[in-house]
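All remarks here apply to the structure that follows.
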Amino acid sequence: GENVEQHPSTLSVQEGDSAVIKCTYSDSASNYFPWYKQELGKRPQLIIDIRSNVGEKKDQRIAVTLNKTAKHFSLHITETQPEDSAVYFCAASKGSGTSYGKLTFGQGTILTVHP
Amino acid sequence: GAVVSQHPSRVICKSGTSVKIECRSLDFQATTMFWYRQFPKQSLMLMATSNEGSKATYEQGVEKDKFLINHASLTLSTLTVTSAHPEDSSFYICSAKEGADTQYFGPGTRLTVL
């Protein structure tokens with residue numbers, strides 16, 4: 001089955017700096033890669049996603065890049081703010097076969113943005 | 001984005017009792033919902049895939065007789081933890097799939113078994 005590795009496990013930055021979180025996946029058939037933000041005790045919230053037919057997607061301060069050949073994708077947050085502090089999860093899924101729609105999550109990254 | 005509700009948000013029960021958790025998609029129809037379990041400071045672990053009108057598909061190592069899943073309509077899936085024990089205490093989260101692949105999560109249910 002799919003295996004998703006996420007790094008780093010913790011990331012500490014100063015307000016205004018950029019933050020980058022990286023994930024690798026094992027199944028070349030995976031074609032959907034969402035990123036979720038989870039605050040303590042709350043639900044994971046979808047912040048951005050990318051499909052395998054594009055290499056990059058941007059939404060204001062957040063961007064995701066995908067390298068299908070190397071099987072890795074990254075989350076980039078620019079101009080970080082204290083409210084960006086949370087746990088971020090990457091995930092991968094494929095849109096066909098018995099695993100249709102199942103998300104495999106990375107281990108999570110605890111991001112702390114210091115004022 | 002789409003809204004998913006989950007009820008109850010928190011439940012405390014005695015060992016040996018059963019607990020039912022409901023997951024609803026409020027503004028869209030979801031033929032597929034997923035149930036996850038999350039331990040403190042850990043990632044989400046998929047327990048089962050719930051398909052409307054058919055039997056759930058359980059992940060390896062998840063006891064289907066212990067965690068009963070019913071997906072009776074396009075907006076409701078339920079997870080029943082039967083004969084709960086302290087080791088079943090956890091944060092249970094559902095998600096509903098909108099369209100081909102996007103999943104939206106419920107707020108989660110904190111289960112404590114005494």
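The values are calculated or read from the model by the stated rules, or taken from the named source; none is laboratory data. Since we're looking at a predicted model, the values are computed, not measured. Every residue, glycine as well, gets a Cβ built from its backbone with ideal geometry; the counts of neighbours run over all protein chains shown. Surface accessibility is based on the protein's heavy atoms, side chains included, excluding ligands, DNA and RNA. Shrake-Rupley method; radii C 1.70, N 1.55, O 1.52, S 1.80 Å.
Scanning segment B:25-37 for residues that are within 9 Å of chain A (Cβ to nearest Cβ) and either polar (S, T, N, Q) or free of Cβ contacts under 8 Å to residues at least 40 places away in the same chain (or both) yields one hit, B:Thr32.
None of A:Lys94, A:Lys68 is among the basic types (Lys, Arg) and either closer than 25 Å to B:Ser95 by Cα or in contact with a strand residue (DSSP E or B) (Cβ under 8 Å, 6 or more places away or on another chain) (or both) except A:Lys94.
Set side by side, the residues A:Gly16, A:Gly55, A:Gly108 differ, and just one is among the small types (Gly, Ala, Ser) and within 14 Å of chain B (Cβ to nearest Cβ), which is A:Gly108. Residue check: B:Leu79 meets all listed conditions (1) assigned to a loop (DSSP other than H, G, I, E, B); (2) open to solvent by less than 50 Å² (accessible area, probe 1.4 Å); (3) under 15 Å from B:Asn51 (Cα atoms) but one, namely (1). Identification of strands (runs of 3 or more DSSP E) wholly contained in segment A:10-75 with 2 or more residues that are of a type in the set (Asp, Glu) yields A:56-59.
For segment B:91-103, filtered to residues that are surrounded by 21 or more Cβ atoms within 10 Å (Cβ to Cβ) and not hydrophobic (A, V, I, L, M, F, W, C), the residue that is nearest to the chain's Cα centre (by Cα) is B:Tyr92.
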